[in-house]
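Here is the structure we will look at, set down as C-alpha coordinates.
The values are calculated or read from the model by the stated rules, or taken from the named source; none is laboratory data. Bear in mind the structure is a predicted one, so any value in this text is a computation, not a measurement. Cβ sites come from the backbone with ideal geometry, for glycine too, and all protein chains shown count toward neighbours. Note: areas computed on protein heavy atoms with side chains; ligands, DNA, RNA excluded. Shrake-Rupley method; radii C 1.70, N 1.55, O 1.52, S 1.80 Å.
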Amino acid sequence: MTGLTDITARIAAAAAEVDRDPADIELIAVSKVQPLARVEAVLEAGHRRFGENRVQEAQGKWPDLRDRYGEIDLHLIGPLQTNKVRAAMDLFDVIQTLDRNRLAVKIATEAQERGTCPGLYIQVNTGREKQKAGIDPDETDAFVNRCREEYDLPILGLMAIPPADEPATAHFDLLAQLAERNGLSGLSMGMSADFEEAIRYGATAVRVGSAIFGARVPGAATGG
Ligand SMILES: *Cc1c(COP(=O)(O)O)cnc(C)c1O
(Lines give C-alpha, C1' and ligand atoms only; values in the text may rest on other atoms or scores of the structure.)
Protein backbone atom coordinates (compact mmCIF):
# COMPACT_ATOMS: atom_id res chain seq x y z
CA MET A 1 0.00 0.00 0.00
CA THR A 2 1.20 3.47 -0.82
CA GLY A 3 -0.44 6.87 -0.61
CA LEU A 4 -0.35 7.18 -4.39
CA THR A 5 -4.05 6.50 -5.03
CA ASP A 6 -5.12 8.92 -2.34
CA ILE A 7 -2.82 11.69 -3.55
CA THR A 8 -3.89 11.22 -7.17
CA ALA A 9 -7.53 11.54 -6.08
CA ARG A 10 -6.78 14.65 -4.03
CA ILE A 11 -5.00 16.26 -6.99
CA ALA A 12 -8.02 15.57 -9.19
CA ALA A 13 -10.38 17.04 -6.59
CA ALA A 14 -8.26 20.16 -6.07
CA ALA A 15 -8.02 20.66 -9.83
CA ALA A 16 -11.78 20.24 -10.28
CA GLU A 17 -12.44 22.89 -7.64
CA VAL A 18 -10.72 25.51 -9.76
CA ASP A 19 -11.83 24.12 -13.13
CA ARG A 20 -8.44 22.78 -14.06
CA ASP A 21 -7.66 19.58 -15.92
CA PRO A 22 -5.76 17.22 -13.57
CA ALA A 23 -3.83 16.03 -16.63
CA ASP A 24 -2.12 19.43 -16.59
CA ILE A 25 -0.63 18.73 -13.16
CA GLU A 26 2.44 16.52 -12.89
CA LEU A 27 2.81 14.49 -9.72
CA ILE A 28 6.48 14.20 -8.83
CA ALA A 29 6.86 11.42 -6.28
CA VAL A 30 9.76 12.52 -4.08
CA SER A 31 11.62 9.30 -3.29
CA LYS A 32 14.66 10.72 -1.47
CA VAL A 33 15.67 8.80 1.64
CA GLN A 34 12.94 6.21 1.23
CA PRO A 35 13.42 2.45 1.59
CA LEU A 36 13.74 0.85 -1.83
CA ALA A 37 10.72 -1.40 -1.27
CA ARG A 38 8.47 1.66 -0.97
CA VAL A 39 9.81 3.11 -4.20
CA GLU A 40 9.27 -0.23 -5.93
CA ALA A 41 5.69 -0.35 -4.68
CA VAL A 42 4.95 3.01 -6.30
CA LEU A 43 6.62 1.84 -9.52
CA GLU A 44 4.57 -1.37 -9.41
CA ALA A 45 1.47 0.80 -9.12
CA GLY A 46 2.44 2.31 -12.47
CA HIS A 47 3.84 5.68 -11.46
CA ARG A 48 6.82 6.86 -13.53
CA ARG A 49 7.67 10.40 -12.41
CA PHE A 50 10.02 10.84 -9.47
CA GLY A 51 12.07 13.48 -7.72
CA GLU A 52 15.39 13.19 -5.92
CA ASN A 53 17.33 15.90 -4.12
CA ARG A 54 20.85 14.46 -4.23
CA VAL A 55 22.73 13.44 -7.35
CA GLN A 56 24.75 10.75 -5.63
CA GLU A 57 21.77 9.11 -3.96
CA ALA A 58 19.89 9.10 -7.26
CA GLN A 59 22.88 7.56 -9.06
CA GLY A 60 22.76 4.71 -6.57
CA LYS A 61 19.22 3.66 -7.32
CA TRP A 62 17.76 4.97 -10.60
CA PRO A 63 19.95 3.34 -13.27
CA ASP A 64 18.93 -0.05 -11.91
CA LEU A 65 15.26 0.92 -11.48
CA ARG A 66 15.20 2.21 -15.06
CA ASP A 67 16.56 -1.13 -16.26
CA ARG A 68 13.79 -2.90 -14.43
CA TYR A 69 10.83 -0.59 -14.97
CA GLY A 70 11.55 1.19 -18.23
CA GLU A 71 11.17 4.87 -18.93
CA ILE A 72 11.19 7.09 -15.84
CA ASP A 73 10.82 10.87 -15.78
CA LEU A 74 13.40 11.84 -13.16
CA HIS A 75 13.58 15.34 -11.65
CA LEU A 76 16.40 16.84 -9.60
CA ILE A 77 14.80 18.97 -6.88
CA GLY A 78 17.82 19.61 -4.64
CA PRO A 79 20.82 21.93 -4.92
CA LEU A 80 23.29 21.18 -7.71
CA GLN A 81 27.03 21.80 -7.34
CA THR A 82 28.81 22.74 -10.53
CA ASN A 83 31.16 19.76 -10.24
CA LYS A 84 28.11 17.46 -10.39
CA VAL A 85 26.55 19.03 -13.48
CA ARG A 86 27.73 16.30 -15.85
CA ALA A 87 26.49 13.51 -13.62
CA ALA A 88 23.18 15.30 -13.17
CA MET A 89 22.74 15.80 -16.91
CA ASP A 90 23.50 12.12 -17.48
CA LEU A 91 20.81 11.03 -15.06
CA PHE A 92 17.99 13.56 -14.84
CA ASP A 93 15.33 14.46 -17.38
CA VAL A 94 14.57 17.70 -15.59
CA ILE A 95 16.67 19.89 -13.29
CA GLN A 96 14.40 22.06 -11.15
CA THR A 97 17.08 23.88 -9.19
CA LEU A 98 18.80 26.27 -11.57
CA ASP A 99 19.55 28.90 -8.94
CA ARG A 100 22.58 30.94 -9.98
CA ASN A 101 24.41 32.30 -12.98
CA ARG A 102 27.50 30.11 -12.62
CA LEU A 103 25.35 27.01 -12.78
CA ALA A 104 23.52 28.29 -15.86
CA VAL A 105 26.84 28.88 -17.64
CA LYS A 106 28.08 25.40 -16.73
CA ILE A 107 24.88 23.68 -17.89
CA ALA A 108 24.86 25.70 -21.12
CA THR A 109 28.46 24.78 -21.90
CA GLU A 110 27.79 21.12 -21.27
CA ALA A 111 24.52 21.22 -23.24
CA GLN A 112 26.32 22.66 -26.24
CA GLU A 113 28.83 19.82 -26.21
CA ARG A 114 26.07 17.24 -25.95
CA GLY A 115 23.57 18.88 -28.26
CA THR A 116 20.93 18.13 -25.66
CA CYS A 117 19.83 19.50 -22.31
CA PRO A 118 17.44 18.44 -19.55
CA GLY A 119 14.37 20.62 -19.10
CA LEU A 120 15.10 23.34 -16.55
CA TYR A 121 13.20 25.18 -13.85
CA ILE A 122 14.63 28.30 -12.26
CA GLN A 123 14.42 28.17 -8.49
CA VAL A 124 13.17 31.42 -6.98
CA ASN A 125 13.81 32.33 -3.34
CA THR A 126 10.33 33.78 -2.87
CA GLY A 127 10.89 34.31 0.85
CA ARG A 128 14.22 36.07 0.30
CA GLU A 129 15.70 33.77 2.94
CA LYS A 130 19.44 34.21 3.46
CA GLN A 131 20.23 30.53 3.87
CA LYS A 132 18.01 29.36 1.01
CA ALA A 133 19.01 28.82 -2.59
CA GLY A 134 17.25 30.57 -5.43
CA ILE A 135 17.13 33.72 -7.48
CA ASP A 136 15.83 36.83 -5.73
CA PRO A 137 12.29 37.64 -6.95
CA ASP A 138 13.49 41.08 -8.07
CA GLU A 139 16.18 39.53 -10.24
CA THR A 140 14.07 36.77 -11.72
CA ASP A 141 12.95 38.55 -14.90
CA ALA A 142 16.54 39.44 -15.82
CA PHE A 143 17.81 35.94 -15.02
CA VAL A 144 15.07 34.23 -17.05
CA ASN A 145 15.92 36.48 -19.96
CA ARG A 146 19.62 35.82 -19.75
CA CYS A 147 19.11 32.04 -19.56
CA ARG A 148 16.95 32.13 -22.65
CA GLU A 149 18.65 34.74 -24.80
CA GLU A 150 22.30 34.45 -23.86
CA TYR A 151 22.56 30.79 -22.90
CA ASP A 152 19.78 29.35 -25.06
CA LEU A 153 18.62 27.13 -22.18
CA PRO A 154 15.27 25.27 -22.25
CA ILE A 155 13.54 26.99 -19.33
CA LEU A 156 10.27 25.17 -18.58
CA GLY A 157 9.21 27.22 -15.61
CA LEU A 158 9.83 28.37 -12.05
CA MET A 159 10.17 26.41 -8.84
CA ALA A 160 9.98 27.53 -5.21
CA ILE A 161 10.23 26.15 -1.68
CA PRO A 162 8.35 28.64 0.52
CA PRO A 163 9.63 29.44 4.02
CA ALA A 164 8.61 26.72 6.46
CA ASP A 165 7.19 29.13 9.04
CA GLU A 166 4.85 31.15 6.83
CA PRO A 167 1.62 30.42 5.00
CA ALA A 168 2.71 29.25 1.55
CA THR A 169 -0.06 30.93 -0.40
CA ALA A 170 1.62 34.34 -0.74
CA HIS A 171 4.68 32.56 -2.13
CA PHE A 172 2.62 30.49 -4.58
CA ASP A 173 0.94 33.68 -5.71
CA LEU A 174 4.25 35.50 -6.22
CA LEU A 175 5.77 32.58 -8.14
CA ALA A 176 2.70 32.36 -10.39
CA GLN A 177 2.94 36.08 -11.15
CA LEU A 178 6.64 35.86 -11.96
CA ALA A 179 6.04 32.91 -14.29
CA GLU A 180 3.12 34.55 -16.01
CA ARG A 181 4.86 37.81 -16.76
CA ASN A 182 7.81 35.88 -18.20
CA GLY A 183 5.59 33.71 -20.36
CA LEU A 184 6.57 30.53 -18.54
CA SER A 185 3.93 27.81 -18.23
CA GLY A 186 5.70 25.56 -15.71
CA LEU A 187 5.07 26.14 -12.00
CA SER A 188 6.66 23.64 -9.61
CA MET A 189 5.25 24.31 -6.15
CA GLY A 190 3.43 22.46 -3.41
CA MET A 191 4.55 19.54 -1.25
CA SER A 192 2.77 17.02 1.00
CA ALA A 193 1.39 19.66 3.34
CA ASP A 194 0.16 22.16 0.78
CA PHE A 195 -0.08 20.73 -2.75
CA GLU A 196 -3.84 21.34 -2.96
CA GLU A 197 -3.30 25.01 -2.17
CA ALA A 198 -0.55 25.14 -4.79
CA ILE A 199 -2.92 23.70 -7.39
CA ARG A 200 -5.38 26.49 -6.63
CA TYR A 201 -2.62 28.97 -7.42
CA GLY A 202 -1.76 27.28 -10.70
CA ALA A 203 0.89 24.65 -9.90
CA THR A 204 1.65 22.45 -12.91
CA ALA A 205 4.02 20.20 -10.95
CA VAL A 206 3.63 19.22 -7.30
CA ARG A 207 6.45 17.52 -5.40
CA VAL A 208 4.98 15.07 -2.91
CA GLY A 209 7.14 12.78 -0.79
CA SER A 210 6.00 11.68 2.65
CA ALA A 211 2.28 11.72 1.81
CA ILE A 212 2.95 9.05 -0.82
CA PHE A 213 5.73 6.99 0.74
CA GLY A 214 5.33 7.60 4.46
CA ALA A 215 7.80 9.41 6.70
CA ARG A 216 11.35 9.37 5.37
CA VAL A 217 13.74 6.84 6.89
CA PRO A 218 17.21 8.36 7.42
CA GLY A 219 19.88 6.01 6.14
CA ALA A 220 17.47 4.19 3.86
CA ALA A 221 18.75 5.94 0.74
CA THR A 222 19.59 2.76 -1.11
CA GLY A 223 18.57 -0.21 1.02
CA GLY A 224 15.11 -1.57 1.66
C1 LIG B 1 11.72 16.59 0.16
C2 LIG B 1 11.19 17.60 -0.77
C3 LIG B 1 9.83 17.59 -1.16
C4 LIG B 1 8.82 16.62 -0.61
O5 LIG B 1 8.52 16.91 0.71
P6 LIG B 1 7.27 16.21 1.45
O7 LIG B 1 6.93 17.15 2.52
O8 LIG B 1 7.76 14.89 1.94
O9 LIG B 1 6.20 16.06 0.46
C10 LIG B 1 9.43 18.53 -2.08
N11 LIG B 1 10.27 19.43 -2.61
C12 LIG B 1 11.58 19.47 -2.27
C13 LIG B 1 12.46 20.47 -2.90
C14 LIG B 1 12.07 18.56 -1.34
O15 LIG B 1 13.38 18.62 -1.01
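Summary table below
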{"quantity": "Amide hydrogen neighbours beyond the local backbone of LYS32, cut-off 5 Å, H modeled", "calculated": "ASN53"}
{"quantity": "Per residue accessible area in Å² of the range 2-213, where ligands, DNA and RNA are left out and the probe is 1.4 Å", "calculated": "45"}
{"quantity": "Accessible surface ranking that places the most exposed of GLU26, GLU110 first, with a 1.4 angstrom probe", "calculated": "GLU26, GLU110"}
{"quantity": "The chain: calculated mean residue ellipticity at 222 nm from DSSP helix runs of at least 4, using -39500 (n - 2.57)", "calculated": "-12000 deg cm²/dmol"}
{"quantity": "Within straight-line cross-link reach of LYS130, lysines at Cα separation under 30 Å, skipping those fewer than 8 residues along the same chain", "calculated": "LYS32, LYS84, LYS106"}
{"quantity": "Most to least accessible of THR109, THR5 (protein chains only, probe 1.4 Å)", "calculated": "THR5, THR109"}
{"quantity": "Accessible-area order (highest first, 1.4 angstrom probe) of the listed residues ASP173, ASP194, ASP19", "calculated": "ASP19, ASP173, ASP194"}
{"quantity": "Cα-based Rg of the chain normalised by 2.2 N^0.38 Å, two decimals", "calculated": "0.98"}
{"quantity": "Mean-position separation - Cα centroids, the range 118-145 and the range 184-199, in angstrom", "calculated": "16"}
{"quantity": "Listed residues VAL30, LEU80, GLY134: farthest to the positive end of the dipole of the range 7-141 (Cβ charges)", "calculated": "LEU80"}
{"quantity": "Accessible area (Å², 1.4 Å probe, nearest 10) - VAL85", "calculated": "0"}
{"quantity": "In sequence order, calculated HN-Hα J values of the range 60-75 (Karplus, 6.51, -1.76, 1.60; Hz; x Gly/Pro)", "calculated": "x, 10, 7, x, 5, 5, 5, 4, 7, 10, x, 4, 10, 9, 10, 10"}
{"quantity": "Portion, in percent, of the accessible area of the range 2-213 that falls on carbon or sulfur, probe 1.4 Å", "calculated": "44"}
{"quantity": "Partners for LYS132 among aspartates and glutamates (Cα-Cα distance below 20 Å; same-chain residues under 8 apart left out)", "calculated": "GLU52, ASP99, ASP141, ASP165, GLU166, ASP173, ASP194"}
{"quantity": "In the range 139-224, the GluC sites (Glu not before Pro) that fall in loop regions by DSSP, at most 13 other Cβ within 10 Å", "calculated": "GLU150"}
{"quantity": "Gaussian network model of the chain, springs between alpha carbon atoms under 10 Å - residue of GLN123, GLN96, GLN56 with greatest fluctuation", "calculated": "GLN56"}
{"quantity": "Computed over the range 1-151: relative contact order in percent, which uses C-alpha pairs under 8 Å that are six or more apart", "calculated": "15"}
{"quantity": "Student exercise, the chain dipole from Lys, Arg, Asp, Glu Cβ charges, in Debye to nearest 20", "calculated": "720"}
{"quantity": "Other-chain or far-sequence residues with amide H under 5 Å of ASP99's (modelled H)", "calculated": "GLN123"}
